[in-house]
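The values are calculated or read from the model by the stated rules, or taken from the named source; none is laboratory data. Since this is a predicted model, take the numbers as computed values, not measurements. All Cβ positions, glycine included, derive from the backbone under ideal geometry; neighbour counts span all protein chains shown. These area figures cover heavy atoms from the full protein model, side chains too; ligands, DNA and RNA do not enter into them. Shrake-Rupley method; radii C 1.70, N 1.55, O 1.52, S 1.80 Å.
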Amino acid sequence: MTQQPPPPPPPLSASEGTAPQGVQVRCAGCRMILSVGRGVMQFSCPTCHLPQMLPPELTTPANPPPNYNSSDNTTPNRVPQLKPAHGIDPTKIQLPCAHCKALLNVPHGLSRFKCPQCDTDLAVKQPFLPLPPPPPEDVNEVAIEVEREEDEGGMLGETFTDYRPLKLSIGPPHPDPVVETSSLSAVQPPEPTYDMKIRDKLETSKVLSCLQIETLVYACQRHLQHLANGIRAGFFVGDGAGVGKGRTIAGLIWENWHQGRKKALWISVGSDLKYDARRDLDDVGATCVEVHALNKLPYSKLDSKSVGVREGVVFMTYSSLIASSEKGRSRLQQLVQWCGPEFDGLVIFDECHKAKNLVPEAGSQSTRTGEAVLEIQARLPEARVIYCSATGASEPRNMGYMVRLGLWGAGTCFSDFREFLVTLEKGGVGALELVAMDMKARGMYVCRTLSYEGSEFEIVEAPLEENMMDMYKKAAEFWAELRVELLTASSFLTDEKPNTSQLWRLYWASHQRFFRHMCMSAKVPAVVRLAKQALIEDKCVVIGLQSTGEARTEEAITKYGLELDDFVSGPRELLLKFVEENYPLPEKPEPLSGEESVKELQRKRHSARPDVSIKGRVRKVAKWQPASDDESDEDDDLADSAHDSAESDDEFQICGICNGEEGRKKLLQCSCCGQLVHPACLVPPMEDIVSEEWSCHSCKQKTEEYLQARHVYVQELLKRYEAALERKAKILEIIRSLDLPNNPLDDIIDQLGGPDKVAEMTGRRGMLVRASSGKGVTYQARNTKEVTMEMVNMHEKQLFMDGKKLVAIISEAGSAGVSLQADRRALNQKRRVHLTLELPWSADRAIQQFGRTHRSNQASAPVYRLLFTNLGGERRFASIIAKRLESLGALTQGDRRAGPSLSAYNYDSTYGKKALMLMYRGIMELDSLPMVPPGCSSEEPDKVRDFMVKAKAALVSVGIVRDTVVGNGKDNFKISGRIIDSDMHDVGRFLNRLLGLPPEIQNRLFELFVGILNLVIQNARTEGHLDSGIVDLKANTIELRGTPKTVHVDPTSGASTVLFTFTLDRGITWESASSLLEERQKDGIGSLSDGFYESKREWLGRRHFILACESSTSGMFKIIRPAVGESLREWPLVELKNKYRKMSSLEKAQSSWEDEYEVSSKQCMHGPNCKIGTYCTVGRRLQEVNVLGGLILPVWGTIEKALAKQARQSHKRLRVVHIETTNDRQRIVGLFVPNSAIESVLQGLAWVQDIDD
């Protein structure tokens, strides 16, 4: 056996030898040290015969030292190695220093170091032919596909389940079918222990349903508990609109009345709802409980003799709660005084979503309402608080005022609300879903919804008609020109004018409002068409909108009078108002006129002193202070002498021309400079009596010169001012000539038959009505002599419910507490068709509006039609509402799919922000676009370039691209600029500004944005980062293994956290698969491509097998695997044939299928050498699944720490799963805990053993 020779000693200097020198390297194959001769670049190891190559930095220097160990080192030499040469470390690589040529021992992997001999900084370059990597890992594409599907899971099959109280049997069933989301229904509430005082009365009268009595019991039971900080616990009624929250509250008041608590506060959104409160109390039999409207009471003490409110319900609005008198007395203080410090009665926050924004997003302030709600809870610590709203927690940020729920603070794992909020936002949708389930498990929350069975939700796209398209295009062009005009006009302003930031804030606000009006108007023809169609079909119509355009109408009436030629155009009036009030005009100069101006100027010059300027402004003059007493005495002497000289001033009056002292009394004094002259010395001499304001020739000349220059200057300023006025007048004329749509509300009422046919429930006081002759319109008040303005909406509602009017229009003013459903008690029981002309800004308001037509005791469920135009930018409004609806469904109902689905329109998300940044960077040519723009192809670069130029110009015109410069020379007409960082991720601003572009480029830009967004989401899905909410775990057999393990108990409610372990068998046997194929062929629904397939590639020496069957979508195939059953994703035929080939032999297919079925019961698809080992479940037929159910929030921190250590990316995030056993149909919803993390979780919960014991 040959051994390596000892390596050479450190190199000698050039003078010490001339023999060739080699370099020592470690063989890339067998790791032996080789000596390579001078000039040799390529060689093979004599032991392992691996061909190798030296990089240039390892070649020998020009004058190498002699080699003492070998007579010939021109080739790789291997002789028996006795021991390594002195100073050589065989575990490291030896490299020569580039400066001093010393041979250095360099550890493997070190890239930078200093030579210890000459202190030179050295860098190790990677060899041109790197060491050959270990044999490449066989990437199993099938395993990746299966793993991705396991991570995504199946969407929850059924969203709602029928609801009935599980642990209470008091009271009649609810009059209408009520449902609960599947996730919430999997959670058991605590055992009811509270004994009601009014139980017998309720059982006799049957005025409350079993659902409402259940709420009453759990709320009273919760009110017996105190939180860790000592305050009384509160309860959250989250029932949907129409379930009967009002009557439930009345029942709570009646129960507390019987317990001796005869004072209650009821805070709601509108003073009209006081009548509903009275009705609900009467319904439950509480006729003796008085309801006092706070807005009708003085600010003095409520229990004083003059006011006399000793007991009962004080009903108020949230506006009243923050009101105060002129003398500074606040309603809140008045209420706290009436309740007293020991008050333990009810405080009901009805429609409590009004208190949201207590913890607003960065840059905005808390609302006064939110702060008042928080303060009254703090000042009445023993009060029994009820939070009551269908939309009380539309997103976690809006829960800040719900301090009585005990989700954060003392005794929880969140020190304050902000920590709770950050954790929830980090946890994504899954975390939000857990909060609702957690609250129900602790007995502090109920959330039932009227069944939407029979209701229809439809998104109707209303394309712009041709004339509207033309109108919109011209309006967009006008706004772009107006922006340029305002920029030009602003440049003429002097520095004394205020800065223009206010102008641009108003410009963009008006811009957004204008195009929102345009979008609404564009939908009017579709609304009218759908409404008329519904009336023909013997239905009635409810139209929902937000803005009535009242402000614009009233401005027009003030300007033009009560009679007009046509309805007011909201967009036109908005534009006129903006330009009239905000067009930048230079300051108008004020010229001095004629003789008066001369005298005025001379007077000012005459009165000017060192301490007063010519304009009469006081100047600061330094005051001299005496340094010592001696100096001040001297100063007094000087002052005396000055006084003496003043007295004898007449002695020194002489003529300024002849210097003579004669005729002092006849001397004239110039009123400007004060010079004295004889009248006879003047040329020509003056003989007449001269006025006191006489001025000398020199002063007159100076004054005239100044006035001439001033006149020229003023004329120039006047010219500029008049030119600006003329430009402003021209712009106003252009606005008046623009063809713009009428106010949508008036237009719809007019087209559907006028006020006699349409019931209007809005906040406006008056409206325009077409004259009986058909020519012109007249402004009239909405109310009549018989009906007060306060009651006009209630009157209109009654006309609609009686069937006297079959169309109703509601705005936000009519969206709280008004019932417009097809009530069985009403005369008008026709089916409601609810059209949303304009979506509200928040989900809270949307749900309130939807709930007007879907309520208890209805003869038929409504049809909802949500209208959008085909303009990309208009989806901005859909985007906002979709975002809120998605989180609203997740948080208040435990399932984000519970609300109407608008998620396709949710662009303002994390993925949306990333997509926007990628698009902006592509358009600004900072990066390449991730996709080809719409209407272009990669084969036509000219079209792509043309689109990029148009897109950049469009972004410039709406102010997103700033500091623009148009290039010249080789960059002729090329636009350059920048997009500021805050705009890079602002999806809201992009979609807002998009509205102001002509429809063609607007839609193309929007398509590009959506295309990139889809790519971003697809990448997130591929990488396992996509948050999919509740995952439905499915298998052929699901069984609970062993007894569930209690790992935590909540000390307040007694609710527990339980660990469930399930065994799953996901496989499909050969018999099941083959019979499925046979049945399809027998029924004639199969295609020629149906059958068993094998993979074209092998992984770890094995192929994978599938059954492919064509789905209902032509050309798409369902994929069924032996180990994991049916795939979530359907495959196109092209992909199927690219990866798999059809098997002709059934015998071979059977043996292969059965083999894979058997192998998958013991190991995953990664094979025996999987990195995660036995914990891996990818493609494994038999699985063990751990789910933490019940209370999750108290053990949140422990779970997060355990998941953070997981190897698989998808295992690091919180995943909420739904699982149902196949033998006894037991349903569990909880947190999925990977097998590899279960030990860490149990170790973190140190008290688990104590509980079990």
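Can you run down the residue pairs with Cβ atoms below 7 Å, 6 or more apart or on separate chains, where the first is in region 170-184 and in contact (Cβ under 8 Å) with a residue 24 or more places away in the chain and closer than 15 Å to residue 856 by Cα and the partner is of a type in the set (D, E, K, R) and outside any loop (DSSP other than H, G, I, E, B)?
Cβ pairs passing all conditions: 177/162; 179/162.
Exactly one condition in (1) modelled with pLDDT under 90; (2) under 36 Å from the mean Cα position of the chain (by Cα); (3) open to solvent by less than 70 Å² (accessible area, probe 1.4 Å) is false for residue 557; which is it?
Status for residue 557: all satisfied but (2).
If you scan region 747-765, which residues turn out to be closer than 22 Å to residue 519 by Cβ, surrounded by 15 or more Cβ atoms within 10 Å (Cβ to Cβ) and within 32 Å of the chain's Cα centre (by Cα)?
The answer is 762, 764.
Keeping to region 341-371, report how many residues are of a type in the set (A, V, I, L, M), at pLDDT below 90 and open to solvent by less than 60 Å² (accessible area, probe 1.4 Å).
Summing the residues that are of a type in the set (A, V, I, L, M), at pLDDT below 90 and open to solvent by less than 60 Å² (accessible area, probe 1.4 Å) in region 341-371 gives 3.
Scan region 1115-1137 and give yes if some residue there is at pLDDT 85 or above, among the hydroxyl-bearing types (Ser, Thr, Tyr) and under 18 Å from residue 145 (Cα atoms), otherwise no.
No, region 1115-1137 contains no residue that is at pLDDT 85 or above, among the hydroxyl-bearing types (Ser, Thr, Tyr) and under 18 Å from residue 145 (Cα atoms).
One line per residue, one yes/no per condition, for (1) open to solvent by 20 Å² or more (accessible area, probe 1.4 Å); (2) not aliphatic (A, V, I, L, M):
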{"position": "424", "(1), (2)": "no, no"}
{"position": "435", "(1), (2)": "no, no"}
{"position": "442", "(1), (2)": "yes, yes"}
{"position": "447", "(1), (2)": "no, yes"}
{"position": "456", "(1), (2)": "yes, yes"}
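Using the structure shown, decide if residue 252 is in contact with a Leu (Cβ under 7 Å, 6 or more places away or on another chain) and outside any loop (DSSP other than H, G, I, E, B).
In short, yes.
Scanning for something free of Cβ contacts under 8 Å to residues at least 24 places away in the same chain and either in a helix (DSSP H, G or I) or buried (at least 20 other Cβ atoms within 10 Å of the Cβ) (or both), does region 1001-1015 turn up at least one residue?
Yes: region 1001-1015 contains one or more residues that are free of Cβ contacts under 8 Å to residues at least 24 places away in the same chain and either in a helix (DSSP H, G or I) or buried (at least 20 other Cβ atoms within 10 Å of the Cβ) (or both).
Spot the failing condition for residue 744; the list is (1) open to solvent by 10 Å² or more (accessible area, probe 1.4 Å); (2) of a type outside the set (Val, Ile, Thr); (3) under 19 Å from residue 465 (Cβ atoms), and only one is missed.
(1)
So which residues in region 1157-1183 are within 24 Å of residue 1091 (Cα to Cα), of a type in the set (D, E, K, R) and surrounded by fewer than 21 Cβ atoms within 10 Å (Cβ to Cβ), if there are any at all?
Matches in region 1157-1183: 1158 only.
When you look at residue 200, is it open to solvent by 20 Å² or more (accessible area, probe 1.4 Å), free of Cβ contacts under 8 Å to residues at least 24 places away in the same chain, farther than 21 Å from residue 435 by Cβ and part of a loop (DSSP other than H, G, I, E, B), yes or no?
No; evaluated as a whole, the condition is false for this residue.
Which one of 509, 522, 551 is closer than 25 Å to residue 776 by Cα, free of Cβ contacts under 8 Å to residues at least 40 places away in the same chain and part of a helix (DSSP H, G or I)?
551
From the list 260, 270, 238, pick out the single residue that is more than 25 Å from residue 210 (Cβ to Cβ) and open to solvent by less than 40 Å² (accessible area, probe 1.4 Å).
Exactly one of 260, 270, 238 is more than 25 Å from residue 210 (Cβ to Cβ) and open to solvent by less than 40 Å² (accessible area, probe 1.4 Å), namely 270.
Conditions tested, residue by residue: (1) at pLDDT 75 or above; (2) open to solvent by less than 50 Å² (accessible area, probe 1.4 Å); (3) touching a Pro at 6+ places or on another chain (Cβ under 9 Å); (4) more than 30 Å from residue 583 (Cβ to Cβ).
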site	(1), (2), (3), (4)
686	no, no, yes, yes
691	no, no, no, yes
701	no, no, no, yes
706	no, no, no, yes
715	yes, no, yes, no
724	yes, yes, yes, no
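So in region 565-583, with the set limited to residues that are acidic (Asp, Glu) and in a helix (DSSP H, G or I), which one is surrounded by the fewest Cβ atoms within 10 Å (Cβ to Cβ)?
581
Residue 536: closer than 30 Å to residue 775 by Cβ and either in contact (Cβ under 8 Å) with a residue 40 or more places away in the chain or in contact with a strand residue (DSSP E or B) (Cβ under 9 Å, 6 or more places away or on another chain) (or both), yes or no?
no
Starting from residues that are assigned to a helix (DSSP H, G or I) and at pLDDT 90 or above, keep the ones in region 788-809 and report whichever is farthest from residue 747 (Cα to Cα).
Checking each candidate, the answer is 801.
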